[in-house]
Amino acid sequence: MNGQRADGAEAGPDPGADAAAGDGDGATRELTRGGLTRTGVLRTGMPRVGMTRGQKVLWWTLLAFGVLLAIAAGTALWAYQRLDDNIRTDHAAAEALDRHAADRPAAGANDGRNILIIGSDWGSAPGSARSDTVLLLHLSADGERAEMVSMPRDVVVDIPACQAWNGEQHEAARAQFNWAYQFGGAGCTIRAFEGFSDVRIDHHLVLGFEGFVDAVDAVGGIEIVLDEAEHDPNVGHDQPAGRQLLDGEEALAYVRARVYVGDGSDLNRLARQQEFLHLLYEKALNDGLVANPTRLYPLLDAMTSAVTADPGLDSLPQLYGLAEDVREVPEGGLSFHTVPTVPHPSQDSRLLLDQPAADRLFDALRADQPLTGLAD
């Protein structure tokens with residue numbers, strides 16, 4: 001619809017770089033399924049409850065987009081058109097899926113919808129795009145359930161032969177799931193997921209964070225509190241202990257930090273990013289931006305610029321419709337799950353699908369049946 005190709009080049013897998021960034025979890029708030037308390041300052045050392053970290057990262061991002069897109073629907077026509085034009089259409093994935101249409105699974109039962117939400121890596125260098133967070137959003141045909149299923153990045157699966165953005169052909173491989181995005185973008189990720197799950201993907205969204213710096217600057221920065229000084233030269237993160245207001249560039253370094261921060265795990269980096277997104281989301285809604293078009297428009301411009309979608313979701317009305325469908329699910333109908341996995345017997349820090357538990361979950365998705373009790 002918008003006629004733009006998703007940008008980015010391809011690079012081969014880099015296991016060292018895959019182990020991405022930062023701890024710094026926590027806040028002067030406590031996290032619950034219903035949100036955060038109101039102190040509004042991020043602090044390290046927070047306990048975790050509820051959803052997995054990867055689920056929370058993209059769920060809060062999706063929710064923020066939904067609310068802000070709803071606001072955008074009421075803006076002046078010229079602004080609406082520009083915001084709509086910001087959303088990129090993933091023609092490369094559409095073409096890849098068309099080429100391999102005969103290999104794809106049939107549509108599921110009862111008109112339930114499956115939307116694959118792909119979180120692109122924060123601040124990847126050109127040619128090394130990664131996706132460490134992938135969620136399947138299943139919307140039941142009756143509108144009563146919205147089920148978010150997290151697919152761990154380190155699960156070793158069969159990845160099909162895929163063509164990269166630069167035309168390079170990657171042969172089929174047995175590799176960890178998140179390498180599919182490096183091999184061939186969203187199209188390769190979808191084909192890999194469909195291959196081991198037999199669940200057809202109806203739509204997909206790639207939520208990149210190239211507009212992250214502008215979004216933080218648009219809200220006037222985000223305040224954090226660090227219990228101790230943090231330094232990660234790999235990403236240019238250098239902050240003293242105590243309270244400080246981060247601008248966009250400082251915030252990007254903060255959410256990318258990992259190796260020299262906390263326990264150095266990727267899970268802690270994901271939690272750190274989620275908490276920061278939540279603060280950004282709340283400040284956007286509660287700091288007068290909604291009532292101030294002059295301040296609101298730069299934020300909407302930055303956020304819509306970070307969306308790449310298939311031709312069925314590449315406009316403001318379509319994205320708003322999806323967000324409305326999710327928000328209209330009755331209380332108790334939203335649930336979070338993770339594809340069951342077990343440790344890989346011979347590869348450290350890698351996983352395998354836990355069978356037959358994983359197949360039971362995929363069977364339920366195809367049949368549009370509730371997932372409760374089938375996956376954590």
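The values are calculated or read from the model by the stated rules, or taken from the named source; none is laboratory data. Here the structure is a predicted model, which means the values were calculated and not measured. Because the Cβ atoms are built from the backbone with ideal geometry, glycine has one as well, and the counts that use them run over all protein chains shown. The accessibility values were calculated without ligands, DNA or RNA, using every heavy atom of the protein model including side chains. Shrake-Rupley method; radii C 1.70, N 1.55, O 1.52, S 1.80 Å.
Structure above, values below:
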| item | result |
| --- | --- |
| Of residues in the range 225-240 being under 20 Å from Gly211 (Cα atoms) and not small (Gly, Ala, Ser), the one farthest from the chain's Cα centre (by Cα) | His237 |
| Among the candidates Thr308, Thr338, Thr294, residue that is over 20 Å from the mean Cα position of the chain (by Cα) and not basic (Lys, Arg) | Thr294 |
| Residue tally, condition of a type outside the set (A, V, I, L, M) and modelled with pLDDT under 90, over the range 87-115 | 3 |
| Filter result for Gly123 (of a type outside the set (Asp, Glu), modelled with pLDDT of 90 or more and either assigned to a loop (DSSP other than H, G, I, E, B) or farther than 30 Å from Thr372 by Cβ (or both)) | no |
| The range 146-189 - residue that is among the polar types (S, T, N, Q) and more than 16 Å from the chain's Cα centre (by Cα) and, of those, least open to solvent (accessible area, probe 1.4 Å) | Gln176 |
| Every pair of residues 6+ apart whose Cβ atoms lie under 7 Å, when the first sits in the range 229-247 and is open to solvent by 30 Å² or more (accessible area, probe 1.4 Å) while the second is acidic (Asp, Glu) | His231/Asp238; Ala241/Asp227; Ala241/Glu228; Arg243/Glu223; Leu245/Glu223; Asp247/Asp217 |
| Any chance Phe212 is in contact with a helix residue (DSSP H, G or I) (Cβ under 7 Å, 6 or more places away or on another chain), within 21 Å of Pro105 (Cα to Cα), of a type in the set (Phe, Trp, Tyr) and touching a residue at least 24 places away in the same chain (Cβ under 8 Å) | no |
| Residue match in the range 205-216 (condition: modelled with pLDDT of 95 or more, of a type outside the set (Val, Ile, Thr) and either open to solvent by 70 Å² or more (accessible area, probe 1.4 Å) or over 30 Å from Leu139 (Cβ atoms) (or both)) | no |
| Filter pass, Asp301 being more than 18 Å from Tyr80 (Cα to Cα) and modelled with pLDDT of 75 or more | no |
| Test for Gly143: is it touching a Gly at 6+ places or on another chain (Cβ under 9 Å) and in contact (Cβ under 8 Å) with a residue 12 or more places away in the chain | yes |
| Where a residue in the range 82-93 is under 18 Å from Gln163 (Cβ atoms) and of a type in the set (D, E, K, R) and its partner, wherever it lies, is modelled with pLDDT of 90 or more and surrounded by fewer than 22 Cβ atoms within 10 Å (Cβ to Cβ), with Cβ under 9 Å and at least six apart | Asp90/Pro311 |
| Selection within the range 221-263 - touching a Leu at 6+ places or on another chain (Cβ under 8 Å) and within 29 Å of Leu319 (Cβ to Cβ) | Gly221, Ile222, Tyr254 |
| Residue match in the range 190-210 (condition: in a helix (DSSP H, G or I), of a type in the set (Ser, Thr, Tyr) and closer than 30 Å to Pro293 by Cβ) | no |
| Flag if Tyr320 is within 27 Å of Arg113 (Cα to Cα) and of a type in the set (Phe, Trp, Tyr) | yes |
